[in-house]
1. What percentages make up the Cα-Cα pair-distance distribution of the chain when the bins are 5 Å wide from 0?
2. Out of the total accessible area of the chain (probe 1.4 Å, heavy atoms of protein only), what percent is carbon and sulfur?
3. Please give, to one decimal in nm, the separation of the simple spin-label points placed at residue 41 and residue 22, each 7 Å out from Cα toward the Cβ.
4. What whole-number value in Å² describes the accessible area per residue of the range 12-66 for a 1.4 Å probe?
Amino acid sequence: MDSTVKLPSNLGTAHKINKNTWKLAFIFAFVSLVIDGVDIMLLSFSLTSLKAEFGLSTFEASMVTG
């Protein structure tokens, strides 16, 4: 009976990740976080206008934000 364990082929690939890869991953994560924040900010600024334009109650306007 063979007692050796077959490991996945991608095990041990961390040495292939260099400093620039981590910088690029950080930049993409930061940009996505900023874009998400801008999305919520613009929605909160425009919600008052949306309420007035469509005659929404506060409850209905809060349902727009999801």
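1. Histogramming the chain at 5 Å steps yields 3, 12, 13, 10, 9, 8, 8, 7, 7, 7, 7, 4, 2, 2, 1, 0 percent.
2. On the way: 4240 of 6220 Å².
Here it works out to 68 percent.
3. With each label point 7 Å from Cα toward Cβ, the separation is 2.9 nm.
4. Details: 4830 Å² over 55 residues.
That works out to 88 Å² per residue.
The values are calculated or read from the model by the stated rules, or taken from the named source; none is laboratory data. Here the structure is a predicted model, which is why all the values come from computation and not from measurement. Here the Cβ is made from the backbone with ideal geometry for all residues, glycine too, and neighbour counts use every protein chain on show. Note: accessible area is taken over every heavy atom of the protein model, side chains too, but ligands, DNA and RNA are not part of it. Shrake-Rupley method; radii C 1.70, N 1.55, O 1.52, S 1.80 Å.
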